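Working notes, structure below.
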């Protein structure tokens, strides 16, 4: 039953709507804010519907932990490379962690754009922060593993293609955020409703310009660094450490924004009581899975670097095909 039919049957209008009338007509808030009515922007929900798949505690922690570990591994790999020490385990683990988070960030952006009619500014902004954090992590990975990535031309071009896709998606997010910030009448409205109110107009304040500059800087660096070669051992080290520190500042800022913007970590920041956040605090399967998936890069790196000792090999493993005796077939 639609909201309009319920209101007509109870002789109610939105103007004289009261809590007592709800009780008399056996209505609830869920009846009045059905999905169809919300998507048509005919009703403004009182609460922001929780979405643990975006702002759940497990999802947030997995992104932050992955970025932190990847950036630390990038610094370790750069330092060990300068001292000319092999780091197969670090190389494989860093590459797996960074690629996993980078692809997850791209998919999150695509899913967010496909749900503009239902997603709110609160969750939309967190998705963009995920993308920014994964972009910084991937840039530091390129900074550390550039020599290894340049060797494989196919993988290098494929990586540059995904970098371009991520930049275009991030640019579209920043454009949408700039348009929705003009008429932030009610944060419970969906992004689609906010865009209808702005009619495609946006604002270029300091925050939007800074976000565009950061995204452009990361994109230019990620693409160009894989095409140019630098000479001089100490020059390369100084350049890498400078860029690493610069990207770490951006990554720390994105992490702080995630923590301060999310009601999971800052329980008292929701001053207006707009969030329905009970589900986002629960450690259910959807929150435990991203945390458990962090083990996969470690296992992959261990399997890649683990070598079977020669003493544990069977004698037949060392035989060449021509040394294996032929057994005649019997009928």
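What follows draws every value from the coordinates through simple rules; no lab data is involved. Keep in mind it's a predicted model, so treat the numbers as computed, not measured. Cβ coordinates were reconstructed from backbone atoms using ideal geometry, including for glycine residues, and neighbour counts include every protein chain displayed.
The packing ranking of peptides 249-260, 232-243, highest mean first, is 249-260, 232-243, where packing means the average number of other beta carbon atoms within 10 angstrom of each residue. Normalised by the number of residues in the range 53-304, the mean separation of alpha-carbon contacts (under 8 Å, six or more apart) gives a relative contact order of 34 percent. Rounded to whole Å, give me the distance from the Cα center of the range 52-96 to that of the range 112-167. Using only Cα atoms, the two centres lie 15 Å from each other. The gain in end-to-end length when the residue 41 to residue 230 segment is fully stretched comes to 62.5 nm, 0.36 nm per residue minus the alpha carbon separation.
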